[in-house]
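Trainee: Quick one: structure below, then a few questions.
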Amino acid sequence: MEMTEQFEKTARDIEERIRPQIEDAKKKVLDLNSQVVSYIKENPGKCLLGALAAGYIIGRIARR
Amino acid sequence: MASSESGAPNGQRAEAASGAAGALTVGQRFDRASDNAQEAWSRTRETVNDIKDRLDIEGRVARNPYGMIAAALGVGYVLGGGLFSPLTARLVGFGMRMGLKLAAIPFLENELRGLTESVLNGAGESEESSEGGERKSHRARGTNKGR
């Protein structure tokens, strides 16, 4: 019983320690996503041409 | 004298006339060329605007930004000649395997469920039948004993 309680306590401690970091990382990823989407919407031509060029280069490398 | 007097102005006039005609034609040609260039430019702009309106690239990007970027990447990849390459073969193979696995999992689940149900039903029926058989044999024994 003591072992189980100890395990539970350790797991709870780890969760409490990790949870804020996970929440922070989630927030950062969501912010980055919204920034990327807004940039693409503001500069569609530039982004599409860049993606086209990147795809072309990847295709050229893959053909070798 | 008169002829020389009159000839010189005439020659000058002729030169002037021919010069004026030449300048006019060059000017006219220049005007015509610039008009044509302007017309061609305006037509090109109209065509480009028409194509832009019809394709609605900005709207599509606004609606689905990542999809459009992926499509542009794919078009660039194909233009770069990567379509018939080992990397494409590997990617397609991996995708096929994943798709087959994902399609097979629900199918296998259904099959297993059906199999377990049939096994359980069969076991229940066999238990009932065996119980019934035992009862019958008990009855038969009872009748035999009675005899």
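Trainee: Just checking the output field for A:35-44: average partner chain Cβ neighbours within 10 Å of each residue's Cβ?
Mentor: Mean partner shielding for this stretch: 3.
Trainee: Still on this structure, please answer the following. Testing the spin-label approximation: label points 7 Å from Cα along Cα→Cβ at A:ILE61 and B:THR25. State their distance in nm.
Mentor: Between A:ILE61 and B:THR25, the label points sit 6.1 nm apart.
Trainee: What is the spin-label model distance, in nm, from A:VAL37 to B:SER118 if the labels are put 7 Å beyond Cα along the C-beta direction?
Mentor: Label at A:VAL37, label at B:SER118, 4.8 nm between them.
Trainee: Right, here's the next one. Report the label-to-label distance for A:LEU30 and B:TYR66 in nanometres (one decimal), using points 7 Å from each Cα along the Cα→Cβ vector.
Mentor: Result for the modelled spin labels: 1.5 nm.
Trainee: Other chains near B:93-106: what is the mean number of their Cβ atoms within 10 Å of each residue's Cβ?
Mentor: Counting other chains' Cβ atoms within 10 Å and averaging over B:93-106 gives 0.
Trainee: Using a/c under 1.5 as the rounded threshold, could you call region A:2-63 rounded, prolate or oblate? The axes a ≥ b ≥ c are square roots of the C-alpha gyration tensor eigenvalues, and prolate needs a/b larger than b/c, oblate otherwise.
Mentor: Here region A:2-63 falls in the oblate category.
Trainee: Arrange the following residues from fewest to most other Cβ atoms within 10 Å of their Cβ: B:TYR66, B:TYR77.
Mentor: Listing B:TYR66, B:TYR77 from fewest to most nearby Cβ atoms yields B:TYR66, B:TYR77.
Trainee: Quick one: putting +1 on the C-beta of Lys and Arg, -1 on the C-beta of Asp and Glu, what dipole do you get for region A:2-63 around its Cα centre, in Debye to the nearest 20?
Mentor: About 740 debye.
Trainee: How much FRET efficiency would the formula 1/(1 + (r/R0)^6) give for B:ALA89 and B:ILE51, where r is the Cβ-Cβ distance and R0 is 41 Å, rounded to 0.05?
Mentor: 0.70
None of the figures in this text is laboratory data; all of them are computed from the coordinates on show. What you see is a predicted model, and the numbers here were worked out from it, not measured in a lab. Ideal geometry is used to build each Cβ from the backbone, glycine not excepted, and the neighbour counts take in all protein chains shown.
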